[in-house]
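Novice: Before anything else, here's the structure in question.
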Amino acid sequence: MTILRILQGEITDNIVAEKRGAIGWLTFNDPQRHNAVSFAMWEAVPVVLETFRQDPEIRAVVLQGAGGKAFVSGANISQFDTLRSGEDAVVEYERVAETAQLALYDYDKPTIAYIQGYCIGGGLNIALCCDIRIASDNSSFAIPAGKLGLGYRLTAIRNLVTAVGPANALEIFLTAARYDAHQAKELGLIRKVAPVAELPQVLEAMLAQIQANAPLTLRAGKKMIRQLQQLGPEVDVEGMRRLVLECFESNDYREGRKAFAEKRAPVFTGT
């Protein structure tokens, strides 16, 4: 099978886009930081997806993390002091990250999150934006927003509730607990778990099933399912946005960042 790298030099090197036969591969490529997503990586995601969308030979897209130890460990916290501090910076960061995630969530071709290792915070939301999630048995999952004092956007909460239901979503979010792959499957965060050595075969079997089906039928059905998952008109979207911004303007968020940098437990005050 021919592997063709595309968009090299046009996007950050921390996102690798490849065409492998009829499959587009998007790789989060910063293994030293466990593939934590930077601002430039968020910007690159919609560019890659659109390039894959315009190629009629590509039938499905796989997202993975480089290095085998992490899918995506969350957002790049080293950028928070400059890019997620102050209302204007937070609004711009949220806009770019939301654009990337909505591009994936609304994508018209089948998407699979191919998870090995850490799948944490924003990384878990990236996976939840995909249609199907498969994981190695050494993977782990969490949403640690509460341990950092940051705001978790409404669409990300929607994705979590859609996947696991309100009761499990509340447990996952309120405890900020970490779950192994088998626990994550039981909760509904992922669909299949396999040993590391067997995961490629699981992926290939699933891709073969998808490629055997009619693309227009899959696109139509996927669009309808996504329509049924949309937020209703009664949801106060602006009110939810303000709640997120309040978190980012809080003393607790500043304490969360400081505690993370100092490798200690944060002391939150609710202010």
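Novice: I'd like to verify a number: residues in region 183-224 that are over 19 Å from the mean Cα position of the chain (by Cα), closer than 30 Å to Leu154 by Cβ and surrounded by fewer than 16 Cβ atoms within 10 Å (Cβ to Cβ), how many?
Specialist: Here the count works out to 6.
Novice: Cβ contacts < 6 Å: first residue touching a residue at least 60 places away in the same chain (Cβ under 8 Å), restricted to region 198-215; second residue among the aromatic types (Phe, Trp, Tyr), any location; separation 6+ or different chain. Result?
Specialist: So the pair list comes out as Leu203/Tyr114.
Novice: Out of curiosity, is Gly86 modelled with pLDDT of 95 or more, at positive phi and out of contact with any strand residue (DSSP E or B) (no Cβ under 7 Å at 6 or more places or on another chain)?
Specialist: no
Novice: State which residue pairs qualify: first residue among the acidic types (Asp, Glu) and part of a strand (DSSP E or B) and inside region 1-22, second residue surrounded by 18 or more Cβ atoms within 10 Å (Cβ to Cβ) and modelled with pLDDT of 95 or more in any location, beta carbons under 8 Å apart, and separation of 6 or more residues or different chains.
Specialist: Glu18/Gly24; Glu18/Trp25; Glu18/Thr27
Novice: How do the pairs read when you match residues in region 230-242 that are assigned to a helix (DSSP H, G or I) and exposed (fewer than 12 other Cβ atoms within 10 Å of the Cβ) with residues anywhere that are hydrophobic (A, V, I, L, M, F, W, C) and at pLDDT 90 or above, using Cβ under 8 Å and keeping only pairs 6 or more apart or on different chains?
Specialist: Pairs found: Val237/Leu154.
Novice: Do we have Thr51 as surrounded by 17 or more Cβ atoms within 10 Å (Cβ to Cβ), hydroxyl-bearing (Ser, Thr, Tyr) and touching a strand residue (DSSP E or B) at 6+ places or on another chain (Cβ under 9 Å) here?
Specialist: In short, yes.
Novice: Got at least one residue in region 29-42 being of a type in the set (S, T, N, Q), farther than 19 Å from Gly117 by Cα and at pLDDT 95 or above?
Specialist: No, region 29-42 contains no residue that is of a type in the set (S, T, N, Q), farther than 19 Å from Gly117 by Cα and at pLDDT 95 or above.
Novice: Can you tell me how many residues in region 251-271 are loosely packed, with under 10 Cβ neighbours inside 10 Å and in a helix (DSSP H, G or I)?
Specialist: So the count comes out to 1.
The values are calculated or read from the model by the stated rules, or taken from the named source; none is laboratory data. Please read these numbers as outputs of a predicted model, since none were measured by experiment. For neighbour counting, all protein chains shown are included, and Cβ atoms are generated from backbone atoms with ideal geometry for every residue, glycine included.
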